[in-house]
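First comes the structure, then the notes that go with it.
The values are calculated or read from the model by the stated rules, or taken from the named source; none is laboratory data. What you see is a predicted model, and the numbers here were worked out from it, not measured in a lab. Don't worry about glycine lacking a Cβ; one is built from the backbone with ideal geometry, like all the others, and counts go over all protein chains shown.
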Amino acid sequence: MLDTTTANGIPLIGLEIKLTALPDNTTKNYSEDRYSCEIVVRPPTINFIACSICNSFKTVEEKDKLRAMLNIVPRINHWEEPEEVLPHYDKILEAVLKVSTYLHDRQTPLIVQPIWKTKGGKSVLANDCLDVFVWSNLAVIQMCNRTDSKSNRKITRPMRTIIWIYLMLLEYTGIYGQFDYRRIVRLHSFNIANDKAYALSGTQTHEFLSCAELEHPRISKYEIKNIILGGGQNLLSPERRFDAVLVNSPDLFSE
């Protein structure tokens, strides 16, 4: 997002857009009040979370405050070794949540999640079709703080995400006031592929998204012709699922 009233368009905030279908495969056979969407979070998003938190700790005094909240974790000599990190995970999570609590009234938007609703997961748009949800930086952290995200036997993807955030914040409090996102992700994979940070199915996101707007999105499918203008539907790529539904629904654009 840019401030277009300024000469060079001063950057205001970076937002990630995730277009998702409602319902997903895990909720399509439920009643409509239990529909929800899958969401996949990639490693760069974790970088954005850490940067947004660091932005709230700029002065020496603020960095000291951040360091104090992080220093409740015992010393770990080999952070790349799961067996050394796992016993201290509870403290790592506690530290990250302590920072989140401290910033609760200063959280910022991070992920914009437009949803498009179909009839029972079929390639047919529901009449109540479109809406949008916005996740803050701290809300994205809470996705990893579910009871089914934790294991006592291994480091799961959500647990690894919390560890990444902790390491990025800890490195930021060091002498150089910055962190190496790529190095942290590369060296701390914990034997898990880095293609994604983690993913939540619709059955897992429902507790976060459940509301009247999820059950009945506010924008009708008949408004799409007022959103896509000038024959833009003819330029869509039908190999993408939402595009394919629009391409195969020419009646939506008839006068």
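Filtered by the rule that a residue be surrounded by 12 or more Cβ atoms within 10 Å (Cβ to Cβ), of a type in the set (A, V, I, L, M, F, W, C) and closer than 28 Å to Thr26 by Cα, region 176-209 gives Phe190, Ile192, Ala197, Ala199, Leu200, Phe208, Leu209. Of all residues in region 30-48, those that are among the basic types (Lys, Arg) have Cβ atoms under 7 Å from Cβ atoms of residues that are in a helix (DSSP H, G or I) and at pLDDT 95 or above, 6 or more apart or on another chain, in Arg34/His206. Looking only at region 78-98, decide whether some residue is without any contact (Cβ under 8 Å) to a residue 40 or more places away in the chain, closer than 29 Å to Arg34 by Cα and in a helix (DSSP H, G or I). Looking through region 78-98, none of the residues is without any contact (Cβ under 8 Å) to a residue 40 or more places away in the chain, closer than 29 Å to Arg34 by Cα and in a helix (DSSP H, G or I). Here is the figure for region 217-242: residues that are closer than 17 Å to Gly121 by Cβ and not aromatic (Phe, Trp, Tyr) total 4. Scanning region 59-92 for residues that are within 22 Å of Arg183 (Cβ to Cβ) and of a type in the set (A, V, I, L, M) gives Leu66, Leu70, Val73, Ile76, Val85, Leu86, Ile92.
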